[in-house]
1. On the given criteria, is GLN153 touching a helix residue (DSSP H, G or I) at 6+ places or on another chain (Cβ under 7 Å) and within 16 Å of the ligand (Cβ to nearest atom)?
2. Please go through the stretch 132-157 and give me each residue that is acidic (Asp, Glu) and part of a loop (DSSP other than H, G, I, E, B), ordered by number.
3. Which of the residues that make up the stretch 204-227 are touching a Ser or Thr at 6+ places or on another chain (Cβ under 9 Å) and among the polar types (S, T, N, Q)?
4. Quick one: count up the residues across the stretch 50-71 that are modelled with pLDDT under 95, out of contact with any Gly (no Cβ under 8 Å at 6 or more places or on another chain) and either polar (S, T, N, Q) or surrounded by fewer than 18 Cβ atoms within 10 Å (Cβ to Cβ) (or both).
5. Which residue pairs have Cβ atoms under 7 Å apart, sit 6 or more places apart or on different chains, and have a first residue in the stretch 242-270 that is without any contact (Cβ under 8 Å) to a residue 12 or more places away in the chain and a second that is surrounded by fewer than 19 Cβ atoms within 10 Å (Cβ to Cβ) and among the hydroxyl-bearing types (Ser, Thr, Tyr)?
6. Any idea which residue in the stretch 222-270 is farthest from the ligand (Cβ to nearest atom), counting only those that are closer than 22 Å to THR76 by Cβ and of a type in the set (Val, Ile, Thr)?
7. Out of the residues in the stretch 68-111 meeting the condition of being of a type outside the set (A, V, I, L, M, F, W, C) and not in a loop (DSSP other than H, G, I, E, B), tell me which one is nearest to LEU170 (Cα to Cα).
8. What are the residues in the stretch 184-202 that are touching a Leu at 6+ places or on another chain (Cβ under 9 Å) and either buried (at least 22 other Cβ atoms within 10 Å of the Cβ) or among the hydrophobic types (A, V, I, L, M, F, W, C) (or both), if any?
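The values are calculated or read from the model by the stated rules, or taken from the named source; none is laboratory data. Keep in mind it's a predicted model, so treat the numbers as computed, not measured. Neighbour counts are summed over all protein chains in view; Cβ atoms, including those assigned to glycine, are modelled from backbone coordinates with ideal geometry.
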Amino acid sequence: MKRITGIIITLALLLLIPQKMDDLLPPEHVNKQEDYSNKQESEWYVMGIQDTSEILQVKTSVSSTNWWEYPSNIYTTERDGDDLLVLVNKQFKLPSTYAPSDLVKASKSGIRRGESYQLRSILIPDLTAMINDAKSSGIDLSIVSAYRSYQTQVNTYKYWLGKNNNNIALVDTFSARAGHSQHQLGTVIDFSTKEINDSLGDEFTNTEASKWLTQNAYKYGFILSYPKGYEKITGYKFESWHYRYIGKAYAQEMIDMGLILEQYLQSKTL
Ligand SMILES: [Zn+2]
């Protein structure tokens, strides 16, 4: 039975994978583009759930072996949200009340575009250096998402459910439920570049900007959160654009240990 359910979910996923890049619009554009007023009542029922435990009960009764699924036991993060090494994933969620205390505009880093997004001030010096060094190498970087509050993430997750026929299994492969998003930390940046007209999504992967970040971002304390081929460890599909700042020293230590971010943060927590 479990196996049949797995096959059905896999088929559903294959059918419902977003066909167009504009299905991957930056979540910040969600509020401007999506009008929730026309939603069916049944849609609201699923989308209106803010406490994920209701969804989890349904899900865990189906199966708990697929990489995109949430575990049955969810805990609050062990470290404080301001701690650069706080583990935030599908098992550990930030309190809904957590918001960084030192948010500033991304414009402080001199970024060409995305200057009104908010980031923690602690990363601005390293981000500024990275943007300038990239520019010296002929690489253009822009920001297409950064800090997202708990409530914004509630709306973001709802938006993707609405866009995908309330297919929870599909949405959980690429969008975090509120509290589980690293974007709530204020230390995460979704990058883009003028090479792809500052769009967000898979087309970033083959840009010069992406290649440069892959080689150099860690030197400035930025680490790719969801690398390719590690879906079973991270719980998310590959996101070439999503970088989290942990500071230069920790980033170097992580590289030296030969770990991906998820494994490194787990080693500091569990
Ligand atoms: Zn992201």
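1. yes
2. Of the residues in the stretch 132-157, the ones acidic (Asp, Glu) are 133, 140.
Passing the criteria: only ASP140.
3. Those that are touching a Ser or Thr at 6+ places or on another chain (Cβ under 9 Å) and among the polar types (S, T, N, Q): THR205, ASN206, THR207, SER210, THR214, ASN216, SER225.
4. So the count comes out to 11.
5. LEU259/SER267
6. THR269
7. We begin by selecting, within the stretch 68-111, every residue of a type outside the set (A, V, I, L, M, F, W, C); these are 69-73, 75-83, 89-91, 93, 95-98, 100-102, 105, 107-110.
Going one step further and asking which of them are not in a loop (DSSP other than H, G, I, E, B), we end up with 75-76, 93, 105, 107-109.
Numbers: TYR75: 23, THR76: 24, LYS93: 20, LYS105: 33, SER107: 34, LYS108: 36, SER109: 35 Å.
Ranking the qualifying residues of the stretch 68-111, first place goes to LYS93.
8. GLN184, LEU185, GLY186, THR187, VAL188, ILE189, ASP190, PHE191, SER192, THR193, LEU200, GLY201 - these are the residues of the stretch 184-202 that are touching a Leu at 6+ places or on another chain (Cβ under 9 Å) and either buried (at least 22 other Cβ atoms within 10 Å of the Cβ) or among the hydrophobic types (A, V, I, L, M, F, W, C) (or both).
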